[in-house]
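The values are calculated or read from the model by the stated rules, or taken from the named source; none is laboratory data. As the structure is a computational prediction, the values presented were derived from the model and not from experiment. Counting neighbours? That spans all protein chains shown, and the Cβs are built from the backbone with ideal geometry, glycine included. Accessible surface areas use protein heavy atoms only, side chains included; no ligands, DNA or RNA. Shrake-Rupley method; radii C 1.70, N 1.55, O 1.52, S 1.80 Å.
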Amino acid sequence: MNWELITDQRRFAELLPSWATANTIALDTEFMRVNTFNPQSALTQLNINNAIYLVDPVALDTNDIGPIFANPRSLKILHACSEDIEVFFYQYPQNKMTNIFDTQVGLAFLGYGLQIGYQRALKEFLNVDISKAETRSDWLARPLSADQLRYAASDVEHLPKLYEFVVGQLIERNLLAYCQEDCQLMLKEGAPVPPMLTIYQQFSNAWQFNRRQLSLLKMLAMWREGSARLHDIPRTFVLKNHTLLAIVQEAPQTLAKLSRIEDLHPRTYQKHGQMILQIIKQANDKPDEQCPPLLPLPLPKQAKVLFDELRVIADRVAKQHQIPADVLLRKRWLDNLVLGYIDHGEAAELPLALQGWRYDLLTKPLLTALANQREQLLLWRRYRHRESA
């Protein structure tokens, strides 16, 4: 296996025109995200017409490669690409990637599970062994070792052949179009940045808080998010989730009481203690009408019967069309569908995945089943929103 490490800006510029005309690009990236909020790109691997290039974004200004990844006429082949998409979305914000094919998604359609790794896929389907010894190495260290470069090159060397195998199998089973649509769905879902004003709603137990506690939770979550983004550090470096929730529950009024909050890092206490106390005071002083409304309650345990009924429908559709059940319907899609329908009825916005090719096959039968339970769902809507009968 031969590869070319690109660290010279002039050489990078020479190669761009030929890359821009490529019909397919096998693609991978190495990145680090240990001490930062945003992923730090450390290496981009390309296989173009069986020539392997290792592009070093630490040594180069790689902005000009963004339009190549955004070109809808070229197919980008990746494996398990959700994190790669996030890296490229952050690295090239003006050139969103288009037209991808994820071989892991393709193998899921073929019944090999949702998370089959690249190494295992190569071994099982191409009888190719590659090492994963450098997976956890420091990719931002320079110079990169020979083992790191060899590992990085191997990640794209066999991708085109794996793609050909997967596509051939999908065509035989009449599943290619569905798979291609799901790959593009990954780009639509992308790496969403949560709106600052609604971040507090992502805490799973937030429904337990009263309105004043929700006001504090909202303010603390916004402050943490803003601080993490501003200083490019993980959210947990500012406040761990359970520490943030403990502050909301106890609402300490003094630095001494704040210092006793579980897992509050001494550095955070020293640097941000006064700020946190100020946020607590602002939340406590806020008029009731300015506090966020109570969040919906979880569904009662009896709702399990409904979910079981919907999964039976999904399993029947999966068997009829020979689509793996875990590919056809994910738990979070079903949860969002049911809760949306309960809260908003037929006006509810469907999860993206339950639009497109799944709509006629699966979503319509699920919506029909929900409509048949309208009276029960209305009772649950009142329960969730704490409405009197």
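Only one of Arg150, Arg120, Arg142 is at pLDDT 95 or above, of a type in the set (Lys, Arg), within 24 Å of the chain's Cα centre (by Cα) and surrounded by fewer than 21 Cβ atoms within 10 Å (Cβ to Cβ); which?
Only one candidate passes the filter, namely Arg120.
Results for (1) within 30 Å of Leu329 (Cα to Cα); (2) β-branched (Val, Ile, Thr), shown as yes or no for each residue.
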position: Thr243; (1), (2): no, yes
position: Gln253; (1), (2): no, no
position: Lys271; (1), (2): no, no
position: Leu277; (1), (2): no, no
position: Pro298; (1), (2): yes, no
position: Leu306; (1), (2): yes, no
position: Glu309; (1), (2): yes, no
position: Ala314; (1), (2): yes, no
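Can you name the residue in the range 1-24 that is among the aliphatic types (A, V, I, L, M) and touching a helix residue (DSSP H, G or I) at 6+ places or on another chain (Cβ under 7 Å) and is also farthest from Arg224 (Cα to Cα) among such residues?
If we take residues in the range 1-24 being among the aliphatic types (A, V, I, L, M) and touching a helix residue (DSSP H, G or I) at 6+ places or on another chain (Cβ under 7 Å), then Met1 is farthest from Arg224 (Cα to Cα).
With Leu299, Leu337 as the choices, which residue is in contact with a Pro (Cβ under 7 Å, 6 or more places away or on another chain), at pLDDT 95 or above and closer than 23 Å to Ser204 by Cα?
Leu337
Which of the numbered conditions does Ala153 fail, given that it passes all the others? Conditions: (1) without any contact (Cβ under 8 Å) to a residue 12 or more places away in the chain; (2) closer than 28 Å to Asn49 by Cβ; (3) of a type in the set (Gly, Ala, Ser).
Only one criterion is unmet by Ala153, namely (1).
Return the residues of the range 250-274 that are surrounded by fewer than 13 Cβ atoms within 10 Å (Cβ to Cβ) and not charged (D, E, K, R); say none if nothing qualifies.
Listed by number, the residues that qualify are Gln253, Thr254, Ala256, Pro266, Gln270, Gln274.
State all residues of the range 123-139 that are out of contact with any His (no Cβ under 9 Å at 6 or more places or on another chain) and open to solvent by less than 50 Å² (accessible area, probe 1.4 Å); if no residue qualifies, say none.
Passing the criteria: Phe125, Glu134, Ser137, Trp139.
Take the range 14-60 and flag every residue that is β-branched (Val, Ile, Thr), surrounded by fewer than 19 Cβ atoms within 10 Å (Cβ to Cβ) and in a strand (DSSP E or B).
Matches in the range 14-60: Thr24 only.
Using the structure shown, decide if Gln278 is surrounded by 12 or more Cβ atoms within 10 Å (Cβ to Cβ), more than 24 Å from Val193 (Cβ to Cβ) and out of contact with any helix residue (DSSP H, G or I) (no Cβ under 8 Å at 6 or more places or on another chain).
It is true that Gln278 is surrounded by 12 or more Cβ atoms within 10 Å (Cβ to Cβ), more than 24 Å from Val193 (Cβ to Cβ) and out of contact with any helix residue (DSSP H, G or I) (no Cβ under 8 Å at 6 or more places or on another chain).
Can you confirm whether Arg386 is in a helix (DSSP H, G or I) and open to solvent by 30 Å² or more (accessible area, probe 1.4 Å)?
No, not satisfied.
Can you pull out every residue in the range 88-100 that is in a helix (DSSP H, G or I) and either at positive phi or open to solvent by less than 20 Å² (accessible area, probe 1.4 Å) (or both)?
Phe88
Would you pick out the residues in the range 62-87 that are surrounded by 18 or more Cβ atoms within 10 Å (Cβ to Cβ) and touching a Leu at 6+ places or on another chain (Cβ under 9 Å)?
Once the filter is applied, which keeps residues that are surrounded by 18 or more Cβ atoms within 10 Å (Cβ to Cβ) and touching a Leu at 6+ places or on another chain (Cβ under 9 Å), the range 62-87 yields Ile65, Ile68, Phe69, Lys76, Ile77, Leu78, His79, Cys81, Asp84, Ile85.
Among the residues of the range 298-339, which ones are touching a residue at least 40 places away in the same chain (Cβ under 8 Å), open to solvent by less than 80 Å² (accessible area, probe 1.4 Å) and outside any helix (DSSP H, G or I)?
Pro298, Leu299, Pro300, Ile323, Pro324, listed by residue number.
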